[in-house]
1. Looking at this structure, is A93 surrounded by fewer than 24 Cβ atoms within 10 Å (Cβ to Cβ), under 27 Å from S211 (Cβ atoms), within 16 Å of the ligand (Cβ to nearest atom) and without any contact (Cβ under 8 Å) to a residue 40 or more places away in the chain?
2. Taking interchain pairs and intrachain pairs at least six residues apart, which have beta carbon atoms under 9 angstrom, with the first residue in region 14-32 and within 9 Å of the ligand (Cβ to nearest atom) and open to solvent by 80 Å² or more (accessible area, probe 1.4 Å) and the second at pLDDT 95 or above and basic (K, R)?
3. Return yes or no: is E76 within 16 Å of the ligand (Cβ to nearest atom), of a type in the set (D, E) and modelled with pLDDT of 95 or more?
4. Exactly one of (1) of a type in the set (S, T, Y); (2) open to solvent by 30 Å² or more (accessible area, probe 1.4 Å); (3) farther than 30 Å from A127 by Cβ is unmet by T41. Its number?
5. Mind checking which residues of region 116-145 are open to solvent by 10 Å² or more (accessible area, probe 1.4 Å) and in contact (Cβ under 8 Å) with a residue 60 or more places away in the chain?
6. Go through the residues of region 33-42 one by one and say whether even a single one is at pLDDT 95 or above, in contact with a Gly (Cβ under 9 Å, 6 or more places away or on another chain) and of a type in the set (A, V, I, L, M).
7. Output the residues belonging to region 182-203 that are open to solvent by less than 80 Å² (accessible area, probe 1.4 Å), more than 16 Å from the ligand (Cβ to nearest atom) and polar (S, T, N, Q).
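The values are calculated or read from the model by the stated rules, or taken from the named source; none is laboratory data. Values in this document were obtained by computation on a predicted structure and should not be read as measured data. Every residue, glycine as well, gets a Cβ built from its backbone with ideal geometry; the counts of neighbours run over all protein chains shown. Only protein heavy atoms, including side chains, enter the accessible area calculation; ligands, DNA and RNA are left aside. Shrake-Rupley method; radii C 1.70, N 1.55, O 1.52, S 1.80 Å.
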Amino acid sequence: MQTLIPMGLLGLGHYVPETRLTNADLEKMVDTTDDWIVQRTGIRERRIAAKDLDTSRIGILAAQRAIADAGIDPAEIDLVICCTVTGDQVFPATACRIGKEIGAVRAGGFDVAAACSGFVFGSQIAAGFIRSGVYKTVLVVGAEILSRIVDYTDRNTCVLFGDGAGAAIYTSHDRAKRGEFLGGSIQMEGASEDVLAVPGGGSRHPASHASVDQRLHFMKMGGTKVFRFAVRVFAELVQRVVDQYGLDEIGVIIPHQVNQRIIESAMDSLGLPMDLVYSNIERFGNTSAASVPIALSEAVAAGRLKKGKLAVMPAFGAGLAWGHIVLRW
Ligand SMILES: CC(C)(COP(=O)(O)OP(=O)(O)OC[C@H]1O[C@@H](n2cnc3c(N)ncnc32)[C@H](O)[C@@H]1OP(=O)(O)O)[C@@H](O)C(=O)NCCC(=O)NCCS
């Protein structure tokens, strides 16, 4: 069997738009309260992209920061993967626009539509290319402008989501600056469109006057089902890492920033302390595919990753799909 080439991280970066949508702002838009939102979700504010920003633009801003952090020439990048469910348009891929604008002149690129698991899945794809020796340097961007698909008349969903982008550059471990990628998982349960979906705009319900009248191009969610699913798979993924490596090896858990209550319930069911978790949900809400790379970028800057210890990143969402990645720092 072919020996796998070890992979590590070369650079990280993130970008969040400046405009804040606070719980007080939402109180003026739907029948909700700051207390309700904070108690049920832990979210106090989210960032919202200005009208002139599209998903590729915020992805580019995050990618440029990751390139600066890596200290590489963008022409070295072999592949650009953009993880998003709010791409600039149906096609071409948002990755192609990002690649062109950052100067990744040799790279190929495509998008990964795995919603909140996007960055974790994109990182696994990068690992496939790098560890097999096909490519040396891969840029994985998680970028979302969820405010364009959130229904701001639906209090069940509009309080949860925000906009942002995060980016990671992976390379072979001998060239990497830090962190060895140890692997992870990708799983799915099959399409569950009643649980979490944007029903309209695709081949099932193409855009029409009727689809717009029925608000099918906005996100629909069964909150309780998603809650139970997320707690269960989050706990299963972390338990798997504990079983494989031992609890003492875990330095930090950087989960998909879904909802503070989900994170606390899962950690509680595992009997693990919350101080193992890095969370920024209070400031950014759920940014889907962008949430893990934004949190990873912030956690590294804050010195939360401990040398020699594991950083565990579980993610879960629409599909239903879930998975995790593990780095040794
Ligand atoms: C959405 C969520 C916060 C709702 O919390 P909950 O404790 O499950 O609340 P329920 O769904 O039982 O709803 C209770 C009531 O609060 C109401 N409610 C929902 N959103 C509200 C809001 N923003 N403000 C005030 N009331 C709200 C509901 O309408 C319901 O009212 P009713 O009993 O009159 O029908 C919770 O289900 C959740 O976090 N789910 C996961 C969502 C998620 O993270 N999705 C992304 C996954 S990647």
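1. Details: surrounded by fewer than 24 Cβ atoms within 10 Å (Cβ to Cβ): yes; under 27 Å from S211 (Cβ atoms): yes; within 16 Å of the ligand (Cβ to nearest atom): no; without any contact (Cβ under 8 Å) to a residue 40 or more places away in the chain: yes.
Taking the combined requirement at face value, the residue does not satisfy it.
2. Listed by first residue and then by second, the contacts come to D31/R155.
3. no
4. Exception for T41: condition (2).
5. C116, F121, Q124, R131, S132, G133, K136
6. The answer is no, given that none of the residues of region 33-42 is at pLDDT 95 or above, in contact with a Gly (Cβ under 9 Å, 6 or more places away or on another chain) and of a type in the set (A, V, I, L, M).
7. The answer is S185, and nothing else.
For every residue, the table says whether it meets (1) open to solvent by less than 10 Å² (accessible area, probe 1.4 Å); (2) not in a strand (DSSP E or B).
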| site | (1), (2) |
| --- | --- |
| T157 | yes, yes |
| G164 | yes, no |
| A167 | yes, no |
| E180 | no, no |
